[in-house]
Every structure is written in C-alpha cells, then in structure tokens.
Amino acid sequence: MFKQKICCIGAGYVGGPTMAMIAEKCPHIRVEVVDINEKRIAAWNSDTLPVYEPGLQEIVERNRGKNLFFGTGVEDAIREADIIFVSVGTPTKTYGHGAGRAADLCYIESAARMIARCAKGPKIIVEKSTIPVRTAEAIKTILKANSEEGQFQVLSNPEFLAEGTAIDDLLEPDRILIGGEHTEGGQAALQVLVDVYANWVPRERILTTNLWSSELSKLVANAFLAQRISSINSISALCERTEADVDEVARAIGADSRIGPKFLKASVGFGGSCFQKDLLNLVYLCEHFGLPEVAEYWDQVVKINDWQKSRFAQNIVQALFNTVIGKKVAILGYAFKKDTNDTREAAAGYVCRDLLEEGAQLSIYDPQVKLEGVTQHLLYLGVSQETIDKQVHIAESAEESTKEAHAAAILTEWDEFKTLDWASIYQQMLKPALLFDGRNILPVEETRKLGFDFRPIGKG
Ligand SMILES: NC(=O)c1ccc[n+]([C@@H]2O[C@H](COP(=O)([O-])OP(=O)(O)OC[C@H]3O[C@@H](n4cnc5c(N)ncnc54)[C@H](O)[C@@H]3O)[C@@H](O)[C@H]2O)c1
Ligand SMILES: O=c1ccn([C@@H]2O[C@H](COP(=O)(O)OP(=O)(O)O[C@H]3O[C@H](CO)[C@@H](O)[C@H](O)[C@H]3O)[C@@H](O)[C@H]2O)c(=O)[nH]1
C-alpha cells in the first residue's frame, strides 16, 4: 500500500519532529521512528509527547497510526525500510582522547552496526545527526565489514531546525542540504532523498553537494551563528563601560545588508544542545587536521560565551553588596530559550550554579521547566543534591518567585515575562529592588520609572 518505507533510528528532538513532517507531507510513505528508550517511545504514543514544540502535537495526532509509527522494534524497522535515517545523539565526549571537545560517536557506531546486522538488499542510509566531517567514511567501513547481504549508499542530510520553531522550520526550511558520493549509485540515492523533500520544499531550496561539504556545512553553520552571538555579547561589555546601547549598536550594524539583523541579540549567553558541542567539535577537528590557529579562533567563541555567563552572575553578586548568602534571588526562566522545555546547556543553569556557590536562596520559575528538569541540569553542572534541597525552590509563578526577593534575573525571554505586572512585583520585592534582564526584553526607561534598580545587558 505504501510506495516507500522510511525508518528513523532515534526518536529525539530531531527524529520525532522531522519524521512527523515527512509523514504529514508524504502520505504515500510509511514512516517509523524507532528508539531503544522505551519510555520515550511510550511518550510519543501518548497524549504527552516527550518534546514540546508549538504545532507538533497536532501533526503527530493527525498522522500517528496512519503512516507515522513510533516503536522499539529497531531491527524489524531496519529490515523493512528503503531509507534509514540515523538521528541519534552525538554529544561531546566525556572520556579518553578528545574528552570535552570531540564528538562521541558511540551511538552512531552502534546504529551502523545494527543496520549492518539486520539489513538485506539495497538501503539508503541518511546521516541526520550532526557529525564530524568524514564520518560517512567510518559508517561505510562498518557497513562493509559487517554485512554480506546489504547494499548501502550513505548520504549526509544535516538538520537545521531550531528548537521552539521546529515545525515552522521544517515546513519552510531556508534550505535542505543533501550530500552524496559522486558515483552513479551515490547520485541515484541522492535523487531518491531529493524526491522525498520535493513533496513540499521548492526544488531550488534543495541543495546538493558532495558528502564532505554537507557534513562540514552543518558544523560551520552553527559556528557562524554562535560567533555572531559571542561577537555582540563581547560588545555588550564594551557598551556597559561606554554608555553605548548594545541594542542600538545591533540595529545600526544589522541594517547593513552585508551583516544582516538576525542573531545579534545580546544575552546572558547562548545555550542549547548544539552550539557549544558543535563548536568544540570543530575546534577538535581543526586540531586533528593540524590547524591550531584555526582551532584557537573558534575556541574563542566558546570562551566569550563562558565569560558572558559568569560575568552575569558576578554582576548580581556585586550589586547585592558582594554577598548573596541567605538572600532570595528570583530566577525567571530556565529553558535555554523560549517556547521549549529543553535545559541542555541553558545559560540559566550556569548562573544558578554560581549563585548557589555564593550561598544564595534561589526561587526559580519557568513556564515549562519544573523541579525534575532543574534538578537534573544542576546535578549535571556539579551542584550537589544537598545544595539543591537547601537552596533551590521551584515557584509556581513569577509573582511567587519574586515575593520578598532581593533581586530578580530574567534568564529566558518567555513572552509572559514582558506582560507581568511589574509595578506590583516591585512593591513585593525587598528594596533596593534589583532587576537583571539577561534577555533585554523589558523597556529600560519605563522599568526604571517603576522604581527598579534595572540592569539590562549592554546598556551603560
Ligand atoms: N536538538 C536539536 O535542535 C538539533 C537540531 C539539529 C541537529 N541536531 C543533531 O541531531 C542529533 C540528534 O539530536 P537530538 O536532540 O534529537 O538527540 P536526543 O538525545 O534527543 O535523541 C537521540 C535519541 O537516539 C536514541 N538512540 C541512541 N542510540 C540508539 C540506537 N542504537 N538505536 C535506537 N535509538 C538510539 C536515544 O535513546 C535518544 O532518544 C544530534 O547529532 C544533534 O546534534 C539536534
Ligand atoms: O541573537 C541571538 C540568538 C540566539 N541566542 C541564543 O542562542 C541559543 C541558541 O538559539 P537558537 O539557535 O535559536 O536555538 P537552537 O535550537 O540551539 O538552534 C541552533 O542549533 C540547532 C542544532 O544544531 C540548529 O539546527 C539551528 O539551526 C541553530 O539555530 C539560545 O540560547 C538563544 O537564546 C542569543 O543569545 N542571541
């Protein structure tokens, strides 16, 4: 009944939404998303999806059980599929050679070994995960050495969606990038994948390249985006010393069409599962290929980001007369950006960690991140459970969080923070009422008029 079968290994932030979109736009294709994590698959099959993305629930509900399936039968799904997407995690390595920088490819390797073991007949393997350039070589070697019956073509098809806007990004991508080998088989496979996307993406937005350009472009895209944020954040510090206004500077330089206005928003620092990991991976690759100067150049983007996060926490401590011990500080927002429940590498976590070390009592409110998410992330950052139990309180609202607080810090740009009743929040805070805007979402003059000692980023 179905013309084609797609299987996706990895039902995470990328696998779930991308496959849901393919299923939605290609009713003639059967799409099965598989994972070894049973809990995650159960959630995909429930009313409470494991990933919060505006619009995702509707698409999943419309297609689940028709041509979109979530399951744990990885081996059967591989056997059945014509196209196999690999969308497993590629976190930063935490052990051995390259620890703290190189990508850990253990999940990619185990997926490749599983494909080699189960696959019979021709299969197109698609690297959806973000991987170091030349990973396809390793995948091909594993497949060749471990399979007698499979015939494989490996393609690179990196994903550029951003969390919080995943559905819009998938619906109308700036571009789809597909890399394949310049062989007859490679080009035929590439055309098969082009035809899948062409069901809804205009042909001129589907870029095709060789394998290595495609693999490398993903790391480079993230490096360039992160570099813009670190660049404007470095300038935010200079603005604070000179009475220039970083938002005005960003507007002025962004009006130059050669620079452009996007990704110039000064902040407490970039977070998310990708930027830091992919930058560190790029740094490692440059070192590996004997290019220490290039490695150092990109490493500086990460260093400025670390500095921006720690300088934000230091500013809070300094403003509170150099001691926050026992003082209540309200943390508004914990997710790494608005419209997501993801806390991976969230700047808020680093600021909280530094404030907890100084002895502050934190009252954290985030519309999507609750106790479990905050606890898991703080533990990952090395904060002890005992400290969390004694010094962290999860509030149900921004009003509860800020009640009798010495200071409040906005760390995620949730829309609801823009429309809070700041006048009454001011009334219920201790004085001087310090308000740190790590996202520059509140109007400076009006907020100061309410009485706050207001400290946005990059405004003298
Ligand atoms: N999160 C993003 O916004 C984003 C955007 C673009 C690209 N990426 C890249 O996409 C990749 C996946 O990211 P993610 O955020 O979806 O990761 P994730 O951790 O949310 O999901 C990965 C899933 O793969 C599963 N898995 C691992 N090994 C498996 C195996 N052998 N068989 C079956 N399932 C297996 C895990 O259980 C997990 O559920 C990464 O390389 C990431 O860098 C992520
Ligand atoms: O001007 C800006 C823009 C973003 N950020 C911060 O940067 C981080 C990353 O934001 P964003 O890029 O919007 O989210 P991600 O979901 O991490 O998406 C990035 O990482 C993905 C994973 O590789 C890529 O697919 C996307 O193209 C790329 O934008 C967040 O903490 C933002 O708050 C700023 O501080 N200032």
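Remarks
- Residue pairs, from the table Lys25/Lys265; Lys303/Lys337; Lys140/Lys277, whose Cα atoms sit over 29 Å apart: Lys25/Lys265
- Share of alpha-carbon pairs per 5 Å distance bin for region 4-201, given as whole %: 1, 8, 16, 21, 22, 17, 10, 4, 1, 0
- Nearest-ten-degree value, helix 15-25 long axis tilted from longest Cα axis of the chain: 60
- Gained length - Tyr380 relative to Leu430, 0.36 nm times residue gap less alpha-carbon distance: 14.8 nm
- Accessible area (Å², per residue) of the chain, counting only protein heavy atoms and a probe of 1.4 Å: 45
- When DSSP beta bridges are restricted to pairs lying wholly in region 4-201, around 5% turn out antiparallel.
- Between helix 371-380 and the chain: long-axis angle, C-alpha atoms, 0 to 90°, nearest 10: 80
- Straight-distance crosslink candidates among lysines, where the alpha carbon sits under 19 Å from Lys390 and sequence neighbours closer than 8 are dropped: Lys327, Lys328, Lys370, Lys403
- Model label points for His97 and Ser46, set 7 angstrom from Cα along the Cα-to-Cβ axis, are 4.3 nm apart.
- Share antiparallel - DSSP beta bridges, the chain, percent rounded to 5: 5
- Modelled spin-label separation between Glu445 and Ser213, with each label point placed 7 Å from Cα along the Cα-to-Cβ direction: 5.1 nm.
- A simple packing score, the average count of other Cβ atoms within 10 Å per residue, orders the peptides 344-356, 63-75 as 344-356, 63-75, with the highest score first.
- Cβ-Cβ FRET estimate between Ile325 and Asp256, R0 fixed at 56 Å, reported to 0.05: 0.75
- For the chain, the alpha carbon positions stretch 73, 48, 43 Å along the principal axes, listed from largest to smallest.
- Nearest-ten-degree value, helix 347-357 long axis tilted from longest Cα axis of the chain: 50
- Zero-based 5 Å bins, Cα pair distances in region 98-144, whole percents: 4, 18, 33, 23, 12, 5, 2, 1
- Per residue, the chain reaches -14000 deg cm²/dmol at 222 nm when only DSSP H runs of four or more residues are counted, each adding -39500 (n - 2.57).
The values are calculated or read from the model by the stated rules, or taken from the named source; none is laboratory data. Just so it is clear, the model here is predicted, and its values are computed rather than measured. When we count neighbours, we look across all protein chains shown, and the Cβ atoms used for this are built from the backbone with ideal geometry, even at glycine. Accessible surface is based on the protein model in full, side chains and every heavy atom, while ligands, DNA and RNA are left aside. Shrake-Rupley method; radii C 1.70, N 1.55, O 1.52, S 1.80 Å.
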